[in-house]
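Read-outs: derived from the displayed coordinates by stated rules, not from any lab. Bear in mind that the values here come from a model prediction, so they are computed numbers and not experimental data. Note that we place each Cβ from the backbone using ideal geometry, even for glycine, and neighbour counts take in every protein chain shown.
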Amino acid sequence: MHADLSRSTFRPERHYSAVIAQQGRVQLDADANEQTAIQLHQARTLTADLIGQHGGPRDAAGFRIEYVGGRHDIDTLHIHGGRYYVDGILCDADRPAPGVPVPDEAEEEQESGRPPEHWTYWDQPDGFRDPEKPGDRLPSPAQAPFVVYLHVWERSVTAAEDPALREVALGAAMPDTAARAKVVWQVLPLALDELETEETEPSKEVVRAAFTRWAQKQATSSARLAARSERPDHADEDPCLVKPDARYRGPENQLYRVEVHEGGEAEDATFKWSRENGSVVFPVDELDGTWVQLASLGHDDKLDLDVGDRVEFTDTAYASRLEPLPLLRVEELDLPGRRVRLSAEPEPGVGRLPHLHPFLRRWDHHEGPKRKGRTTALRGGAVPVTEGEWLPLEDGIEVYFAKGGTYRTGDHWIIPARTATGSVEWPVDPARRPLLRGPAGIARHFAPLALVKGESGAVDLRLAFGPLASSIPAADEATLAAEARARQEEQAAETDPSGGRSQTTAEAEAAAEGDE
């Protein structure tokens, strides 16, 4: 999550069930966030255990896929509403009804055409597919069948992307408060050949099994990273600000984020890093060539822009697509006008639509690490990945990429650096050697929805479950009725003045004595 955090403390292997607040103690953002993470982990684990890897309620299962092609200018999919669970995560495909504006007094209220109740492949809320991009177009089922699947993941949203999160009553100078975690679902196509099935016309079960194997490969990252702090040779900072023996030489506590920028094999991959967890963003009001008009500047030198900074010009659409964009350099600042000039014009189609909330995200690397006395050149504004050796970031912090990794755009690691210890918080073995760890995110989840074979329609690959509740059997009803009568008799006995016997019982005993 690109949020302004102190650190992230949730670890499922510790088996904590709750965060316990204590009186008179400092309340930290990490405590509240860990409580939320514990509850989400419990709820989603339970849901996945009950439902399985994926499934929807039988009477309200969402994401029914309808292929629409041939009769239109461009092929599309209809994504019908309802709910579906993927690895315990709730995905809602219902399309909200649009609001109806109040008509002007001078015009009569007219009945407008009702929008469709379903999403389509092209207007799905988090997909942002572009008909002009060949890679976004749907395959032709006439040439080869393809699978339609659901890709689910989570990302953070701040007031830079959703201005409604900002409380205007706090004043224009007040920064945003809490961020949000958003479930992103995307309906995407996948060629049947990529599932490596041997059958030419596989059954539902074969396609589901092949998709599960494919999804496991996509969801698992082979990238591994370790972090440490080493006292640099040129550590000559003021000892009044930094301990003389400190390995981390920064003057403040930081949460470093190392994020994969360009994915692929090591020779093609790049990364970027931020000492603020990538949370320093600037909403954009207007783009004019290489000049960017910002809605606001940072509130201090620590959270502001400076000449030489590397920034990512993006918007909601590209943040959801998980596609790398060139990292541009800040060349000039116009502080009174809240403008910055970038080293190049941003990519075509990015940040031009105000409703997609364009923004700049600042990253803190300026150049690559030095090796053999020479500084490594940046590639696309990012640092090339070098495996098998320690790479310095700044202030004594170093990272190590394990050999043989395959990298995915968006995968990241977070490294808390603390002045009190003069070090970073990173797991080590008994010999104090840093341990290699997989990415902290992004966690990707997948589920098959349909197999499109041709114009005739799509084979449904979804799974459904029924409600746990059902009608009570007749035998149980009789048992419950008998128990209810017994309780009534007990209550009557407690309130009977004849010593705990009911009136009917007393009369029967008296009649028996008279017979004798």
Taking square-rooted eigenvalues a ≥ b ≥ c of the alpha carbon gyration tensor, is segment 420-477 rounded, prolate or oblate, where a/c under 1.5 means rounded and, failing that, a/b exceeding b/c means prolate?
oblate
Kindly rank 376-387, 11-22, 314-325 from highest to lowest mean number of other beta carbons found within 10 Å of each residue.
314-325, 376-387, 11-22
For segment 225-424, what does the alpha-carbon gyration tensor say about shape, rounded, prolate or oblate, given a ≥ b ≥ c as the root eigenvalues, a/c under 1.5 as rounded, and a/b over b/c as prolate?
oblate
Taking alpha-carbon centroids only, segment 75-89 lies from segment 1-71 a number of Å equal to 19 Å
Around Thr158, under 15 Å between beta carbons, what's the net of Lys plus Arg minus Asp minus Glu among the other residues?
-3
Any aspartates and glutamates whose Cα falls less than 17 Å from that of Lys370, other than same-chain ones fewer than 8 residues away, would be Glu230, Asp233, Glu387, Glu389, Glu394, Asp395, Glu398
Once label points are set 7 Å from the Cα along Cα→Cβ at both Ser296 and Glu331, what is their separation, rounded to one decimal in nm?
2.9 nm
Filter on Lys182/Lys453; Lys133/Lys403; Lys204/Lys272; Lys182/Lys403; Lys182/Lys272; Lys403/Lys453 - keep pairs with C-alpha separation over 31 Å
Lys182/Lys453; Lys133/Lys403; Lys204/Lys272; Lys182/Lys403; Lys403/Lys453
For segment 280-346 and segment 403-478, compute the distance between their C-alpha centroids and round to whole Å.
32 Å
Options (i) 23.1, 83; (ii) 30.7, 120; (iii) 29.8, 120 - which one matches Rg and Dmax of the Cα atoms in Å as calculated here:
(ii)
Amide H of Asp87 versus every other amide H placed in the peptide plane: which residues, excluding those fewer than 5 positions away on the same chain, fall under 5 Å?
His54
